[in-house]
1. Need pairs with beta-carbon distance below 8 Å; first residue over 16 Å from residue 84 (Cβ atoms) and within segment 229-240, second among the aromatic types (Phe, Trp, Tyr) and assigned to a helix (DSSP H, G or I); sequence gap 6+ or separate chains.
2. Starting from residues that are farther than 24 Å from residue 171 by Cβ and buried (at least 24 other Cβ atoms within 10 Å of the Cβ), keep the ones in segment 272-292 and report whichever is modelled with the lowest pLDDT.
3. Considering every residue within segment 159-178, establish whether at least one is on the phi > 0 side of the Ramachandran plot and modelled with pLDDT under 85.
4. Looking at segment 197-235, which of its residues are small (Gly, Ala, Ser) and either within 28 Å of residue 31 (Cβ to Cβ) or out of contact with any helix residue (DSSP H, G or I) (no Cβ under 6 Å at 6 or more places or on another chain) (or both)?
5. Could you check segment 84-108 and list, in sequence order, the residues that are closer than 18 Å to residue 238 by Cα and surrounded by fewer than 21 Cβ atoms within 10 Å (Cβ to Cβ)?
6. Which pairs have Cβ atoms under 8 Å, sit 6 or more apart or on different chains, and link a residue in segment 282-294 that is farther than 10 Å from residue 230 by Cα to one that is of a type in the set (D, E, K, R) and in a helix (DSSP H, G or I)?
7. As an exercise: evaluate residue 32 against (1) hydrophobic (A, V, I, L, M, F, W, C); (2) loosely packed, with under 13 Cβ neighbours inside 10 Å; (3) within 22 Å of residue 234 (Cβ to Cβ) and give the number of the one condition it does not meet.
8. Are any residues in segment 33-59 touching a Ser or Thr at 6+ places or on another chain (Cβ under 7 Å) and under 30 Å from residue 184 (Cα atoms), and if so, which ones?
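The values are calculated or read from the model by the stated rules, or taken from the named source; none is laboratory data. Note that the structure is predicted; figures quoted are calculated from it, not measured. Cβ atoms come from the backbone with ideal geometry, glycine included; neighbour counts cover every protein chain shown.
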Amino acid sequence: MQNFLVSFNVVFPIFVMMLLGYFMKTAKLVSADTVRQINAVIFKVFLPLMIFRNIYESSISDVFSVKLALFVIICIFVIIALLFIIIPLIEKDHKKCGVLIQAIFRSNFVIFGVPVSEALCGGEISGTTALLVAIVIPIFNFMAVVTLEVFKGSKPKPGTVIKGIITNPLIIASIVGLIVLFSGIKFPIIIEKTISSISSVTTPMALIMLGASINLNFISKNVKELVFGVLAKLVLIPAVVLPIAIFVMGFRGSDLAILLAIFATPAAVSSFTMAQQMEADDELAGQLVMFGTVFCVVTMFLWIFIIKSLGFI
């Protein structure tokens, strides 16, 4: 029961904020144009600032595991490569292909996964999780931009893809954050507090706008994509990655909790905002985040229960 409560306590506020946004739209407190404008601000200002802060606040720690980092990086790129082959075979709409691929490989590591992993293992993994944030988030953002650019609907032009990557606010924020992190630059306390205060608005605002953007009338046309996307993200990916991590790589305890946080959590909230700003199927992207977040209450409980029952954490 405690393991279930850990997951539920993380998921419930996310679900409530999405529900708030949906009721705001239903009550006509915000218009569709307002939602699009706010999402543009989130994508161009608040998300980049949050990503920069997450990387900036990371610290190089002696507990960092090169083996764990390499395993995570290899798994992410193998998953993406397989998705680029498999998804176009089962989905002919290119804009939906990009959204599906992004939703399956890009997890909610910062907002959802880190609290779960730290709740399971305590502060002992804070150094490792901080550094993995600095590694995983830029990879997720970079590959999400590549994916959505490639599957924009027309034949991708290398120049257009490269331009889309280098001008993407999230990529720029990740690069700047890494430069500042590894150069050892430290801002004055007042600047750090200002960045923290502004970026703390990002997650609630993104979740509320996600809820306000969801149109339940169109769920029926995305049933196949939703079922496949949610199952792949919450069940298939962890069912492959976690046994390899346990029985082949020998990961246990805090390392395994971090892998659970990366590979068994739902699609990142920012995947919806990015899909909307990059002319992908944002309705499907929002629905994948919403249903993934809801069903993750059940799947995360089951994964935690199984792994803890077997004594691996």
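1. 230/291; 230/295; 234/295; 238/263; 238/303
2. 290
3. For segment 159-178, residues on the phi > 0 side of the Ramachandran plot and modelled with pLDDT under 85: absent.
4. If we filter segment 197-235 for residues that are small (Gly, Ala, Ser), which is where we start, we get 197, 199-200, 206, 211-213, 220, 229, 232.
Hits for segment 197-235 are 197, 199, 200, 206, 211, 212, 213, 220.
5. The one that is closer than 18 Å to residue 238 by Cα and surrounded by fewer than 21 Cβ atoms within 10 Å (Cβ to Cβ): 86.
6. Pairs found: 284/96; 284/225.
7. Failing condition for residue 32: (3).
8. Step one: list which residues in segment 33-59 are touching a Ser or Thr at 6+ places or on another chain (Cβ under 7 Å), which gives 35, 39, 42-43, 46-47, 49-51, 53, 55.
Of everything in segment 33-59, those that are touching a Ser or Thr at 6+ places or on another chain (Cβ under 7 Å) and under 30 Å from residue 184 (Cα atoms) turn out to be 42, 43, 46, 47, 49, 50, 51, 53, 55.
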